[in-house]
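Below: one structure, written as structure tokens.
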Amino acid sequence: SNVLEIAQLGNPVLRDIAQPIYNVHDPAVQTLIDDLLTTMLEGNGVGIAAPQVGQSRRILIVASRPNLRYPNAPTMAPIVMVNPHLLSHSEETTTDWEGCLSIPGMRGKVKRYRAIEVEYMTRTGEMERREFHDFIARIFQHEFDHLGGKVFLDRVD
Ligand SMILES: O=C(O)C[C@@H](Cc1ccccc1)C(=O)SCC(=O)c1ccccc1
Ligand SMILES: [Zn+2]
């Protein structure tokens, strides 16, 4: 798989509403998922969304690992989510630092829901319904924003 170019802030693709995937088994979709994983790892990201590689489609990846900013972050196998949907969220929010592979060199403090419940299709076509909290919930909300044409700077107070 390939390392793809990451769209930088100013690229209109980052402002589009991403389109649903209708056939996750399409070889082009499977290749895009492989390339998103490779691109995220090469960029040392903890997540990535398809619009960031110029593909305005509803695919995102969450891949928490400990890092300088979040030394206690859980290490997890990357979760590929196709057509993700936010089912519910806590009232409680937390505010913490975020960065973005499309906005290198900038960090900002963003308020996010502390806990969320999401539903999504896996890359093998099964539906999953899962709860996330804290840093993993933060990463999801950051990536889910990318599918709606938002970046974290839009949410810095
Ligand atoms: O641009 C992206 O979507 C990836 C982004 C995900 C993200 C980081 C931090 C909070 C929420 C979502 C990144 O991985 S930026 C680079 C990075 O590894 C990082 C930056 C700040 C804190 C922790 C990690
Ligand atoms: Zn981002």
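Every number in this text was worked out from the coordinates using simple rules, so none of it is lab data. Because the structure is predicted, anything quoted here is derived from the model rather than measured. Cβ atoms come from the backbone with ideal geometry, glycine included; neighbour counts cover every protein chain shown.
Here the Karplus curve 6.51 cos²θ - 1.76 cosθ + 1.60, taken at θ = phi - 60°, turns the phi angles of segment 141-156 into couplings of 4, 5, 6, 4, 4, 4, 6, x, x, 10, 10, 4, 4, 5, 10, 7 Hz, with x standing for Gly and Pro.
In debye to the nearest 20, how big a dipole does the chain give about its Cα centre with +1 on each Lys and Arg Cβ and -1 on each Asp and Glu Cβ? Intermediate values should be presented prior to the final figure.
On the way: 16 positive and 20 negative charges, 64 e Å.
The dipole of the chain has a size of about 300 debye.
Provide Rg over Rh for the chain; use the alpha carbon set for both Rg and the Kirkwood Rh (inverse mean inverse pair distance).
On the way: Rg = 14.4 Å, Rh = 15.6 Å.
With Rg and the Kirkwood Rh in hand, the quotient comes to 0.93.
Fully extending the segment from HIS89 to ASP34 would add 16.8 nm, taking 0.36 nm per residue of separation and subtracting the current Cα-Cα distance. Of all the options ILE139, ILE61, ILE79, the one that moves most in a Gaussian network model of the chain with Cα springs shorter than 10 angstrom is ILE79.
Taking the inverse of the mean reciprocal distance over all distinct Cα pairs, the Kirkwood hydrodynamic radius of segment 78-157 comes to 13.2 Å. Its DSSP H runs of at least 4 residues, each contributing -39,500 (n - 2.57), put the calculated 222 nm mean residue ellipticity of the chain at -6500 deg cm²/dmol, to the nearest 500. Sites listed here are chymotrypsin sites (Phe, Trp or Tyr not before Pro) in segment 47-141 whose DSSP assignment is loop and whose Cβ has at most 16 other Cβ atoms within 10 Å, and the list is empty.
Under the rule a/c < 1.5 gives rounded, and otherwise a/b versus b/c splits prolate from oblate, where does segment 24-82 land using the Cα gyration tensor? Each step should come with its number before you reach the end.
Working: a/c = 2.56, a/b = 2.09, b/c = 1.22.
Prolate is the answer for segment 24-82, as a/c is 1.5 or above and a/b outweighs b/c.
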